[in-house]
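Please read the structure below before turning to the comments.
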Amino acid sequence: MDRLRVEGLRVDAIIGVHRHERENPQPVIIDLEFMVDISGAAGSDRISDALDYSQVAKYTAEFVAGSSFRLIEALAEELAQRLLRDFPVSWVRLRVNKPRALPEADNVSLLIERGELP
């Protein structure tokens, strides 16, 4: 099995519990990883036989930008469930990075894995 990654997908979103976080979008950076079998796409060289990562990125960015979660835990869980439901994948690992979460830290992130490994 092979792994397809989309790393550093930057989206501005309303996320957080503090008043300033609820009023002003801030950057959220998403890293995605999927287990995929690339043999069909590798043999055919057709996007129809591949996991179209441009569609995954667009879908993810639109969902995150349109959301208003308070916690990165809730955002990560909902995004993982939607990706598993709406794309032909059975496992996803995703990291939600919130670089402005703490003034004294470079980043706060949450890494989750959902689904069944093939």
Determine which member of the set Asp45, Asp31, Asp49 is out of contact with any helix residue (DSSP H, G or I) (no Cβ under 9 Å at 6 or more places or on another chain), of a type in the set (Asp, Glu) and at negative phi. Asp31
Matching residues, the range 1-42, being open to solvent by 90 Å² or more (accessible area, probe 1.4 Å) and not in a helix (DSSP H, G or I): Met1, Arg3, Arg5, Glu7, Arg10, His18, Asp37
Give the residue that is farthest from Asp2 (Cα to Cα), with candidates limited to residues of the range 70-112 that are open to solvent by less than 30 Å² (accessible area, probe 1.4 Å) and of a type in the set (Val, Ile, Thr). Ile72
Out of Leu75, Leu94, Leu79, report the one residue that is closer than 20 Å to Pro27 by Cα, part of a strand (DSSP E or B) and in contact with a helix residue (DSSP H, G or I) (Cβ under 9 Å, 6 or more places away or on another chain). Leu94
When the residues of the range 43-69 are narrowed to those that are touching a strand residue (DSSP E or B) at 6+ places or on another chain (Cβ under 7 Å) and not in a helix (DSSP H, G or I), which ends up nearest to Val6 (Cα to Cα)? Leu51
With the checklist (1) in contact with a strand residue (DSSP E or B) (Cβ under 6 Å, 6 or more places away or on another chain); (2) within 17 Å of Glu116 (Cβ to Cβ) in hand, flag the one item Val96 doesn't pass. (2)
Ser90, sole failed condition from (1) within 26 Å of Arg19 (Cβ to Cβ); (2) touching a Gly at 6+ places or on another chain (Cβ under 8 Å); (3) not acidic (Asp, Glu): (1)
Please go through the range 74-92 and pick out each residue that is closer than 14 Å to Leu51 by Cβ and either modelled with pLDDT under 95 or in contact with a strand residue (DSSP E or B) (Cβ under 6 Å, 6 or more places away or on another chain) (or both). Leu83, Leu84, Pro88, Val89, Ser90, Trp91, Val92
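The values are calculated or read from the model by the stated rules, or taken from the named source; none is laboratory data. As the structure is a prediction and not an experimental result, all values here were calculated from the model. Note that we place each Cβ from the backbone using ideal geometry, even for glycine, and neighbour counts take in every protein chain shown. Ligands, DNA and RNA are excluded from the accessible area calculation, which covers all protein heavy atoms including side chains. Shrake-Rupley method; radii C 1.70, N 1.55, O 1.52, S 1.80 Å.
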